[in-house]
1. If you scan region A:83-100, which residues turn out to be crowded, with 21+ Cβ neighbours inside 10 Å and at the interface with chain B (Cβ under 7 Å from one of its Cβ atoms)?
2. Any residue in region B:192-202 that is of a type outside the set (Phe, Trp, Tyr), part of a helix (DSSP H, G or I) and without any contact (Cβ under 8 Å) to a residue 60 or more places away in the chain?
3. Quick one: would you say B:Val175 is in contact with an Asp or Glu (Cβ under 7 Å, 6 or more places away or on another chain), within 14 Å of chain A (Cβ to nearest Cβ) and not in a loop (DSSP other than H, G, I, E, B)?
4. Restricting attention to region A:134-151, which residues are within 14 Å of another protein chain (Cβ to nearest Cβ) and open to solvent by less than 20 Å² (accessible area, probe 1.4 Å)?
5. Could you check region B:1-22 and list, in sequence order, the residues that are touching a Leu at 6+ places or on another chain (Cβ under 8 Å) and touching a residue at least 12 places away in the same chain (Cβ under 8 Å)?
6. Considering each residue of region A:343-386, count those that are in a strand (DSSP E or B), closer than 17 Å to A:Ser277 by Cβ and open to solvent by 50 Å² or more (accessible area, probe 1.4 Å), and give that number.
7. Determine, yes or no, whether B:Ile5 is part of a helix (DSSP H, G or I) and within 14 Å of another protein chain (Cβ to nearest Cβ).
8. Would it be correct to say that B:Tyr176 is open to solvent by less than 50 Å² (accessible area, probe 1.4 Å), farther than 22 Å from B:Thr52 by Cβ and either of a type in the set (Asp, Glu) or in contact with a Lys or Arg (Cβ under 8 Å, 6 or more places away or on another chain) (or both)?
Amino acid sequence: MSDVAVEAVGVSKRFRLYHERNQSLKAAFMRGRRAKYDEFWALQDVDLSIPSGKTYGLIGHNGSGKSTMLKCLAGILVPDRGRTQVHGKVSALLELGAGFHPELSGRDNVYLNGSILGMSRKQIDRQFDEIVDFAGLETFIDTPVKNYSSGMYVRLGFSVAINVDPEILMVDEVLAVGDESFQRKCMEKFADFRAEGRTVVIVSHALGTMRSMCDEVAWLDHGKLKGVGRPEELVDEYVGASHEDRVEESATAEEEGPRHNRWGSGEVRITGAELVSDGRVTTKVPTGDEVAIRVHWEAAAPVVEPVFGIALHTLDGVHVTGPNTRDAELRTGTLHGTGWLDLRVPRLMLTPGTYELTAAVFDRSVVHAFDHREKILRFHVLPGTPRDHFGVISLGGAWDLRNESPAGDGGAGAVGRTGS
Amino acid sequence: MEGTISQLRVTFASRELLGNLVLRELRGKYKGTSLGWLWSLLNPLASTVIFTVVFGAILRVTPTVGADGLQNYTLFLLCALLPWNYFSGVVNGGMGALLGNANLIKKTSFPRQLLVLAATASLFVTFLIEMAVLAVALLVFGANPLLWLLPTLLLMVVLAVFATGLGLMLSVANVYFRDSAHFVAIGLQVLFYATPVIYPITLVSDVSPDSLVARLHIDSLYFVNPLVHFVEAFRDMLYEHHLPGLGTVLVLLVSAAVSMWAGWSIFNRFSGRLAEEL
């Protein structure tokens, strides 16, 4: 086998976007040809060289052409320009259980699906028990698949596809199937694949998985190859860039966007909130940087001892934190006129992502709201140091590995350390 | 040409998949019905009864006299109706073969022509069973067809090639122009009456020169239809027990070859973009 498992040279793929999906002969006669369409280049002159035995990832935002690329590599789509070459037997997992016939039993469908994926009858005979066992469907294998739950359906589909014994496996967003234990089995299977020196090409939005699984990734942006490299670097760069895009979008969106919930009696009003880093107002900050969250206030008449508080939420609504001046035992005195209040954060320990800030000011008993403004600010945390990217916060800890009873004849115990 | 040869090689290499697809068609077709496989015989039986009553008993079409003095409208009808049913089945099945498997085409990579071939082949199995039943019926009614079984089988294969060519052509046509299916439905209806299935061909071939049919040149146009020759060849062998003329045989072979060649080239020309057009 050569060193390159999959190769794409100058691959371009054009799609037709029909104005009206009316492929009728009438329309063809009327216009003298088929329905009008715009051309859209989903891929433009992409070169890829996927080394054999490696796990290779394709990343990019929706519509970047990564799935199109995978389909070209898998031979489902034919590129309009350029060529693709595959050295070895391919199995593509684009949709699990594609081609299952609902009326047929699981057993019949294993044979059918296996042969669609390129297995011979003998091969399937040999691996049948393993396939069924892996899917965990021993008792249901003679039931028509229309009676399967969706989980059983995809499990069987995955199990067939993974047992095809391909030299090159192409996977599109299908890793997240089944329950916890099935997912673990899948991951183990992938690990086996890698250990056996097979080539895996993955398309996924699960950047964490991509980062840990891939040896190399390619980043596609609007159908063009933006870079190829080590996953840690490229994934971070990609995350950073996609946040920048989003900031630009949201900057305009926020001006016209709908007002978020606001309530309160108005003795003290919150007039704005911003993120200040290095003396400059910003909406994106890398993990671990020093930053101040600034809340602007205004009080038409003197107000005694108001309490300020903020809350941070992730976009999916997880309440990350909610500090307030009373818990911090800050005496605010009597406020009159306008001013601002900073919450200085020496190291922002949020993992990369988008967060929303809610700011509020209450009376001294924290019962009555003067002003409560939900989601007054949206900001983005970019990859920084620490590089943690799972969960919401980083603990900022340092690893310390010791080997207390060294094996063999000695030397000091190995100590591994990685700082953050 | 080179493309055709490599496509042929690919098709041959995936014959096992073809077999599985045929099994899928056959097993899936009548799954869930209580009569199951019987339906594949009940359907032609129903149309036989209808045509026999309407054309044999009410309109009193006189069938030609067959071998050993056999003159039975039902048998006369079946010798042509079964090949016709197979032909129209392949045309319809071919049209649906790609559209009905859109998901498979969009998500997996395999030689697409197998879907059309599987539709053809699974219908051929039903065709074989029906013809076997007909052979038994002919035997019972005194026209022993045993000597003619082998040539009939060959003719069935030639018809299969002819119909599959059309099926390949129409399968892609239907993806690109969705109303092909409706045109074909009308076309098949016209073709059914333009083929001597329910009436003897003598009604058309033996018209007097001053009749309406002759003056409109319908009789000369009529024989352009290859199905006329197919159906007549079946009837020649099974009902009348003689070989079709050499000219007819040539017409059949040439039309099968032309249909297959055209279907195959059109299919390969347009099958590359199927995954995005579906």
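The values are calculated or read from the model by the stated rules, or taken from the named source; none is laboratory data. Remember, predicted model here, so these are calculated numbers, not experimental data. Please note: Cβ atoms are built from the backbone with ideal geometry, for glycine as well, and neighbour counts cover all protein chains shown. Just so you know, the surface numbers come from the protein's heavy atoms only, side chains and all, with ligands and any DNA or RNA stripped out. Shrake-Rupley method; radii C 1.70, N 1.55, O 1.52, S 1.80 Å.
1. A:Ala92, A:Leu94, A:Gly99
2. Scanning region B:192-202, I find no residue that is of a type outside the set (Phe, Trp, Tyr), part of a helix (DSSP H, G or I) and without any contact (Cβ under 8 Å) to a residue 60 or more places away in the chain, so the answer is no.
3. Criteria met by B:Val175.
4. The answer is A:Val145, and nothing else.
5. Those that are touching a Leu at 6+ places or on another chain (Cβ under 8 Å) and touching a residue at least 12 places away in the same chain (Cβ under 8 Å): B:Thr11, B:Ser14, B:Leu17, B:Leu18, B:Leu21.
6. Number of matching residues: 3.
7. no
8. The answer is yes for B:Tyr176.
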